[in-house]
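Take a look at the structure below.
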Amino acid sequence: MQMPPDQAAYYQTVWDIVRQVPAGHVVTFGQIAVMIPVPEGIEPDVYQRIGPRWVGNAMNAVTFRDEPTVPWHRVINSKGGISLEEGSAPATRQRTRLEAEGVRFDSKDLIDFDVFGWDGPDDDWLQERSLLRPHSMKTPPPSPDEPQQLSLF
DNA sequence: CGTTTGACTACGC
DNA sequence: CGCGTAGCCAAAC
């Protein structure tokens, strides 16, 4: 009986998560990284910075094969943009697919998280796989308790 | 087989 | 708000 390499399991988890992203929505590399528990032997603050890069590696593998079971085009960077080389065939394919799903880009080629951002799957789905809920990329709604607006009177 | 690079991101200037 | 840097895994050179 052989133990699968940690890296293989990590990739599988990443792809599993990406499969949950609904059409017309997007998720960031950082969000996916946060959903996966910090691997053994790695400091949490270190994983915070490196995790997204591992997610990028996992995505690159399926992007190259254009794996149809993984909607890799719904994964973007924290700025809301496409991270593939601008003008390249994969980048164009990603943008075309997103626009076909109704996702729109602004004048800076960025996507509005408030409209198209994804905050993760159901709690049940997460709990069954021991995964965590990512932070939302949407701008937080103003708390009713806190004075949210500067009153001029 | 040692180096370099990478679909990234948080943080300090 | 833009730019440079660290991070220490994997895959490509």
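Only the coordinates and a few stated rules stand behind these numbers; no lab work does. Note that the coordinates shown come from a computational prediction; the quantities given were computed from them, not determined experimentally. Glycine also receives a Cβ, built like all others from the backbone with ideal geometry; neighbour counts cover every protein chain displayed.
Summarising the amide proton neighbourhood of A:VAL26: residues at separation of 5 or more, or on other chains, whose placed amide H is nearer than 5 Å comprise A:GLY117, A:TRP118. Model label points for A:ALA100 and A:GLU40, set 7 angstrom from Cα along the Cα-to-Cβ axis, are 4.3 nm apart.
Estimated purely from DSSP H runs of n ≥ 4, each contributing -39500 (n - 2.57), the mean residue ellipticity at 222 nm for chain A is -12500 deg cm²/dmol once divided by its residues. Highest mean packing comes first when the peptides A:86-97, A:40-51 are listed by Cβ atoms within 10 Å, giving A:86-97, A:40-51.
Quick note on segment A:6-128: its Rg to Rh ratio, both from C-alpha atoms and Rh being the Kirkwood radius, is 0.95.
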